[in-house]
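Since the structure comes first, as structure tokens, the remarks are kept for the end.
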Amino acid sequence: DSYYWSALETFWEKKSSLGSKVIRTIDNDTTDILSWCGDPSQKGAWRRRGLVMGHVQSGKTTNYSALIAKALDSGYRHIIILAGITNSLRRQTQERLDEVILGFSSETLYVPGAGNKIGVAFYRETGRIPLSLTTESSDFNKNMHRSLVTHEDPERDIIWVVKKNVSVLRALNAWLTEKLGAGDKLKNPLLVIDDEADNASIDTSLSGGNTPSSINAQIRTLLKTSERYSYVG
């Protein structure tokens, strides 16, 4: 299935400043990265953790946008992006993914129709519509945690773009544990993208891992909510 990737590829070819050679390189690189991730068709519990390294301003967001598209095409159903430690970075990432993955503004409830389309939506047929549980103006929070009643849907693609913030991650972990997973581990494959993984994610405690630093501990808890996940720093 190439529902997400083919649309993104066409969008970049027609509407971005990326040249064809750059797009081919992104295509090859992200296929390699995805090949190291867990196989969504593989039953039973599995875990993959890895790191992608690149120069400053070398196109991290472009790279992981392509990776997300291919992961969704491959059978991943939950995508969580840990998008830095500031509201501005998180909002910028959300806006970017609205354009290249969602195909509509996360600020508005998506109703199929040309007036609501942005970015990649003009280059793919109406079909799968991802559900974004964060918006450009709103990170995941306690109020959202209380109001959402969505349960895990094996056919629904769900995306979160959240800050690396203890209260945000705690609220997300509580909801994943209590509601989405119905008290059990998530069954649908989860991809976690940790943007700028060298910032805030690292365990900076001196306890040797027994009592990890706050954000590191919440990321560990996040990964434990799923029985099948890939973590890409």
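Just checking, does segment 5-12 include any residue being among the aromatic types (Phe, Trp, Tyr), more than 14 Å from Ile101 (Cβ to Cβ) and not in a loop (DSSP other than H, G, I, E, B)? No: segment 5-12 contains no residue that is among the aromatic types (Phe, Trp, Tyr), more than 14 Å from Ile101 (Cβ to Cβ) and not in a loop (DSSP other than H, G, I, E, B).
How many residues does segment 76-89 contain that are over 12 Å from Asp194 (Cα atoms) and open to solvent by less than 20 Å² (accessible area, probe 1.4 Å)? Steps first, please.
Of the residues in segment 76-89, the ones over 12 Å from Asp194 (Cα atoms) are 76-78, 86-89.
In the following step, the residues that additionally are open to solvent by less than 20 Å² (accessible area, probe 1.4 Å) were identified as 76, 78.
Residues in segment 76-89 being over 12 Å from Asp194 (Cα atoms) and open to solvent by less than 20 Å² (accessible area, probe 1.4 Å): 2 in total.
Being closer than 21 Å to Ser230 by Cα, touching a residue at least 60 places away in the same chain (Cβ under 8 Å), assigned to a helix (DSSP H, G or I) and open to solvent by less than 40 Å² (accessible area, probe 1.4 Å) is true for just one of Ile26, Ile33. Which residue is that? First the steps, then the outcome.
Numbers: Ile26 fails: touching a residue at least 60 places away in the same chain (Cβ under 8 Å).
Step by step, each of Ile26, Ile33 is checked, and only Ile33 is closer than 21 Å to Ser230 by Cα, touching a residue at least 60 places away in the same chain (Cβ under 8 Å), assigned to a helix (DSSP H, G or I) and open to solvent by less than 40 Å² (accessible area, probe 1.4 Å).
Annotation note: of Ser214, Ser201, the sole residue that is in contact (Cβ under 8 Å) with a residue 40 or more places away in the chain, closer than 22 Å to Met53 by Cβ and among the hydroxyl-bearing types (Ser, Thr, Tyr) is Ser201.
Which one is nearest to Thr134 (Cα to Cα) among residues in segment 178-212 that are buried (at least 18 other Cβ atoms within 10 Å of the Cβ) and at pLDDT below 90? Out of the qualifying residues, it is Leu180.
Residue by residue, here is whether (1) of a type outside the set (Ser, Thr, Tyr); (2) touching a strand residue (DSSP E or B) at 6+ places or on another chain (Cβ under 9 Å) holds:
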site: Ser74; (1), (2): no, no
site: Arg77; (1), (2): yes, yes
site: Ile85; (1), (2): yes, no
site: Arg90; (1), (2): yes, yes
site: Asp98; (1), (2): yes, yes
site: Leu102; (1), (2): yes, yes
site: Thr108; (1), (2): no, no
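Any residue in segment 187-194 that is touching a Pro at 6+ places or on another chain (Cβ under 9 Å), touching a residue at least 12 places away in the same chain (Cβ under 8 Å), under 29 Å from Asp73 (Cα atoms) and polar (S, T, N, Q)?
yes
Restricting attention to segment 50-60, the residues that are surrounded by 15 or more Cβ atoms within 10 Å (Cβ to Cβ), in contact (Cβ under 8 Å) with a residue 40 or more places away in the chain and either assigned to a strand (DSSP E or B) or not charged (D, E, K, R) (or both) add up to 1. Given the structure, is Lys43 within 16 Å of the chain's Cα centre (by Cα) and basic (Lys, Arg)? The answer is no for Lys43.
Being touching a residue at least 12 places away in the same chain (Cβ under 8 Å), open to solvent by less than 10 Å² (accessible area, probe 1.4 Å) and not in a strand (DSSP E or B) is a property that Ser65 has. Note on segment 109-156: among residues that are closer than 30 Å to Glu178 by Cα, at pLDDT 80 or above and not in a loop (DSSP other than H, G, I, E, B), the one that is least open to solvent (accessible area, probe 1.4 Å) is Ser132. With respect to the stated conditions, Lys43 is open to solvent by 60 Å² or more (accessible area, probe 1.4 Å) and over 26 Å from Ala171 (Cβ atoms).
Look at segment 79-96: where a residue is under 18 Å from Thr221 (Cα atoms) and touching a residue at least 60 places away in the same chain (Cβ under 8 Å) and a partner is in a helix (DSSP H, G or I) and not aromatic (Phe, Trp, Tyr), sitting 6+ places away or on another chain with Cβ atoms under 6 Å, you get Ile79/Ile68; Ala83/Leu89; Ala83/Arg90; Ala83/Thr93.
The values are calculated or read from the model by the stated rules, or taken from the named source; none is laboratory data. Just so it is clear, the structure is predicted and the values come from calculations on it, not from any experiment. Positions of Cβ are backbone-derived with ideal geometry, glycine not excepted, and every protein chain shown enters the neighbour counts. These area figures cover heavy atoms from the full protein model, side chains too; ligands, DNA and RNA do not enter into them. Shrake-Rupley method; radii C 1.70, N 1.55, O 1.52, S 1.80 Å.
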